[in-house]
Structure formats: structure tokens, C-alpha cells
Amino acid sequence: MRTKAVILAGGEGKRLATLTGKRAKPAVPFAGKYRIIDFTLSNCVNSNIFDVLILTQYRPHSLNDHIGKGRPWDLDRSFTGGVQILQPYKGRLDTDWYAGTADAVAQNLNFVRRGHPEYVLILSGDHIYEMDYDALIQYHREKGADATICVIRVPMDEASRYGILDVNEDYSVKDFVEKPNKPPGNLASMGVYVFSYEVLEILLKEDQKKRDSNHDFGKDIIPRMIRDKMTVFAYPYGGYWIDVGTIDAYWEAHMDLLGSPPSLDLNDRTWIIHTLSEERPPVQLRAGAVIRDSMITDGSVISEGAVIERSILSPGVFVGPNAIVRESIILNDAYIEANAVVERCIIDKIAVIGQDANVGSIQEMGELGITCIGKNTRVPAGFNVGHSCILGTDLEESDFKEFENKIIPAGTHVGYGKK
């Protein structure tokens, strides 16, 4: 079987607030040492799929730097297969920003058809899960399907975020509705599709001619296939899967990793998640430091008396003397000074939490109330930042001068969207 994987990695990810201020959603760091896209890429190579296209769009630079020629995933192949990163371009025939997921693939169809694949996997670059795509393709073949959609049960109160399917007993699809206001069920599309190549090419070419189309797989291609009585099957997936498209989902996915047992076992040597690793020294733990139910990555320094509880620290994080970090995600090279308290926060790279500052809080009731601190932002010493706050990127002490009492109330946005 010749299979080509196409990873859609152009998402802007506005619901991830400051985390996507300077990077595409698939490039957002995850679980200490990874990027979100590492999970989809690793699924490909663990499933023996080594012919991969990555379609980027929004702020692709950190994603390009991370993937490079694909060596960590064994995708640095010169002659056949390997990884190729494609960006919208202007050429003899004009192209433009992708109108939708189907349009992204259609604009790059000449690259998709290279190597004459029998099957094309359409994947998202911003989901956390482990899946054997080889088993999926075998299912697709056995069913004689034109398209197969991976599905999972989701809570009814979240179903409106997804494409919802109705299936027969044999899992043939009889109806599909994209992000309904009133979901008729909770069998949700995971945004993972398999197409027989010849069928996909015909569908995309027809869709490009339709002026009333959104040129999207969920909104247009799949519903049209069902209306036209084409053979579409659902592939039920029973493992862990999460779309980390919101701040709450991103935080919850990290907390899932800290469970006992974890929802996703990163120590499973039969299904390794590959990544581009940084060269960092070992972790340093000073006398009196306390760490409970946490993940600490290379290069981190935990000072004397510091307390880390249910948190994930990325490479190079410094936690000062007697500082407290609870239920938080701290990204690369962030610096938490002495006596600071950080609770239920996401702290982006190179941010500084000043001495004696209190940032975020753990709410006993109501919403999660995650506070986000943007990349390269400095929270001044002694400040109190409430729950559910968003502080933008590159903020300096002068950006907080309006808060003379050193209190930033819960839910406040400071400098969010600052260029």
C-alpha cells in the first residue's frame, strides 16, 4: 500500500490566546519537551508512513525550525518519501491563503499525487493522541470505502465543537453535520480522514468549481459524499484523544498526563513520541525542594525550599527559593523568582514572575480560571495577578504602571494582541 499523509498545520489558534501570538498552533510546546505536532508526526512514522506533507500558513517559522528536514522522525529521506513543508505562494498561477481544509489540499494536489499514492491520510497537526494509522487504512480497504472518518464519543455539552455523525450498525455513515448548534448525538469526527486517492482528486476538483463552497472537508466534502450516496465509513477510536484548541483543553491535557495512571503514557517504548530535543544539562534539585506529581524537564533548576505540585516544567525553567508552583505549565526558560506563587497558570517562554508576586489561583468552584502569561513578559515584583487573566507578549514593568496598587483583577487582559 502506498499511503501519503497530509498534515494540516496552518491553524492560527486564536482560542489559545498568547500561546499562539508568535507561533502556529501545531508548534505550541507540549508536555515539557514536545510540540503538539510531534504526536501526529510520530503516529505517521510509528505506522510506517514515511511520505508526509505538512501544509503551513499562519506564522510557520517556529514550526519550520522545529521540523527542519525531519531527522528526529526518520523523515530526512532524499529520494522517496520523507517530509515536505509547503506554504501558500504566489506563482504564475496565483494562489492565496487557504479558504478551508479542502482548499489547502487542492492547492497542493500536484505534490499530493507525487509517488502515486493509493491512499491519502488527511490529518490535523494540533491533536494529542496515539493511533496506528496502518490499522485504519486496513479497515478502509476492507470496507471498500471511498472515505473513512475516525470518530470518538465526546461529552454532549462539547458536541457542538465537532462534526457529528450518524451511523448504521456496520458504521457506514448516513448523516454528518459540522458543528451543529443543537447536536443530534455525540459521535464526533476527530478530523482524521482516509481517502482513496482517485476519489479525493475528483472530489477536490469538483469542489474548486463550486462558488458556494467553503472548500472544507467537514462543511462540504464529507456532506456532499453522503448526499451522493458514496461509500463513507466511520472508524471508531477508543483511545485517548484531545483537541487542544482552547486554553482549558491545553491545561486539562497536561493534567491528564499527571494522572495515575496517566491518560497517555509517554513512557511506552512501543510507541515513542519523537521530537527535536535540546541539549540541556540534568535537572538540579536544591536542598529542601519538594516535588509532587509533576514532570520536570532537562535544564530546570529547583531552588531550596521551592514547592512544585501537579505541574509540568519545560527545559531551562528556574524556580527560585521558597517559590510555589501548583497545577501550572511552565514553558522553556521561564524564571520564577524567590517567594513567588504561581497557581493554575500557563507561563510562556522566557517570561519572568517577579519576587513575591502571586499569579493565578486555584478556584474551588466554577470555571478553571487559567491565567496566561505571554512570551518574554515580566510580571513585576510584588504584583497580584488574578485568575483568568491574560497578559500579552513582551510586556515590561512600564506596561503595568496603571495598576498602582499592584493588583490585576481576575479576568483582566493586559497588552493582549500587542505587536
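What follows is calculated from the coordinates using simple rules that are stated; it is not laboratory data. Values in this document were obtained by computation on a predicted structure and should not be read as measured data. Cβ sites come from the backbone with ideal geometry, for glycine too, and all protein chains shown count toward neighbours.
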Seminar exercise, completed: Largest first and rounded to whole Å, the semi-axes √(5λ) derived from the alpha carbon gyration tensor of the stretch 209-314 read 44, 16, 14
For this session: In debye, nearest 20, what is the charge dipole magnitude of the stretch 284-414 about its Cα centre with +1 on Lys and Arg Cβ and -1 on Asp and Glu Cβ, if you could check?
Result: 200
Problem set entry | Selection from GLY100, ILE128, GLY32, by position along the positive dipole direction of the stretch 20-158 (Cβ) | GLY32
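In the stretch 100-156, which chymotrypsin sites (Phe, Trp or Tyr not before Pro) are in a loop and have at most 11 other Cβ atoms within 10 Å, using DSSP for the loop call? Walk me through the intermediate numbers first.
Details: sites: PHE111, TYR119, TYR129, TYR133, TYR139; in loops: none.
Sites meeting the loop and neighbour criteria: none at all.
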Exercise. Taking H as built 1.01 Å from N, whose amide H comes closer than 5 Å to the amide H of ASN384, not counting residues under 5 places away?
Worked result: ASN358, ILE407, ILE408
Exercise. Structure shown: which of LYS174/LYS210; LYS4/LYS69; LYS182/LYS219 lie over 19 Å apart, alpha-carbon to alpha-carbon?
Worked result: LYS174/LYS210
Problem set entry | Per DSSP, loop GluC sites (Glu not before Pro) in the stretch 314-419 with at most 15 further Cβ within 10 Å | GLU364, GLU367, GLU396, GLU402, GLU404
Seminar exercise, completed: Calc'd 3J(HN,Hα), the stretch 381-397, phi into Karplus 6.51 cos²θ - 1.76 cosθ + 1.60 (θ = phi - 60°), Hz, glycine/Pro = x, comes to 4, x, 6, 10, 10, x, 5, 6, 8, 10, 10, x, 8, 6, 7, 10, 4
Exercise. Considering every Cα-Cα pair within the stretch 3-257, what fraction, in whole percent, is farther apart than 21 Å?
Worked result: 58
Exercise. Which far-off residues, 5 or more places away or on another chain, put their amide H under 5 Å from the one on PHE30, with H placed in the peptide plane?
Worked result: ARG35, ILE36
Exercise. Roughly speaking, what is the stretch gain from THR270 to GLU309, that is 0.36 nm per residue apart minus the C-alpha to C-alpha distance, in nm to one decimal?
Worked result: 11.1 nm
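Highest mean first, what order results for 225-236, 11-22 on Cβ atoms within 10 Å?
11-22, 225-236
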Problem set entry | Cα gyration tensor, the stretch 284-414 - rounded (a/c under 1.5), prolate or oblate | prolate
Seminar exercise, completed: Note, the stretch 341-351: 3J(HN,Hα) by Karplus (6.51, -1.76, 1.60, θ = phi - 60°), whole Hz, Gly/Pro = x, goes 10, 10, 10, 6, 10, 10, 10, 7, 4, 6, 6
Exercise. What are the residues whose amide H is under 5 Å from the amide H of ASP394, where those residues sit 5 or more places off or on another chain and H is modelled from the backbone?
Worked result: LYS375, ASN376, THR377
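Considering all projection directions equally, how large on average is the shadow of the alpha-carbon convex hull of the stretch 54-177, in square nanometres? Intermediate values should be presented prior to the final figure.
Values: hull surface 41.9 nm².
Its average projected convex-hull area is 10.5 nm².
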Exercise. Toward the positive end of the charge dipole of the chain, about the Cα centre and with charges on Cβ (Lys, Arg +1; Asp, Glu -1), which of GLY259, GLN87, ILE362 goes farthest?
Worked result: GLN87
Exercise. Of all DSSP beta bridges in the chain, what percent run antiparallel (nearest 5)?
Worked result: 30
Exercise. Which parts of the stretch 132-147 would a label at ASP170 reach, counting a residue when its backbone N lies under 16 Å from a point 7 Å out along Cα-to-Cβ?
Worked result: 139-147
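Among THR148, THR275, rank each residue by its count of other Cβ atoms within 10 Å, from fewest to most, as a rough exposure measure.
Details: THR148 26, THR275 19.
Neighbour counts put them in this order, fewest first: THR275, THR148.
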Exercise. Nearest 0.05, what FRET efficiency do GLU12 and ALA287 give at R0 = 45 Å with Cβ-Cβ as r?
Worked result: 0.50
Exercise. What residue among PRO262, PRO183, PRO223 has the largest mean-square fluctuation in a Gaussian network model of the chain, using Cα springs under 10 Å?
Worked result: PRO262
For this session: Would you calculate, for the chain, the mean residue ellipticity at 222 nm contributed by helices, counting each DSSP H stretch of 4 or more residues as -39,500 (n - 2.57) and dividing by all residues, to the nearest 500?
Result: -4500 deg cm²/dmol
Problem set entry | Least to most buried among ARG310, ARG114 (fewest other Cβ within 10 Å first) | ARG114, ARG310
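Would you work out the charge dipole size for the stretch 3-257 about its Cα centre, treating the Cβ of every Lys and Arg as +1 and the Cβ of every Asp and Glu as -1, and quote it to the nearest 20 debye? Walk me through the numbers before you get to the answer.
Numbers: 31 positive and 35 negative charges, 172 e Å.
In debye, rounded to 20, the stretch 3-257 gives about 820.
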Problem set entry | Per-residue ³J(HN,Hα) for the stretch 21-34, Karplus 6.51 cos²θ - 1.76 cosθ + 1.60, θ = phi - 60°, Hz, x for Gly and Pro | x, 10, 7, 6, 4, x, 8, 5, x, 8, 6, x, 10, 9
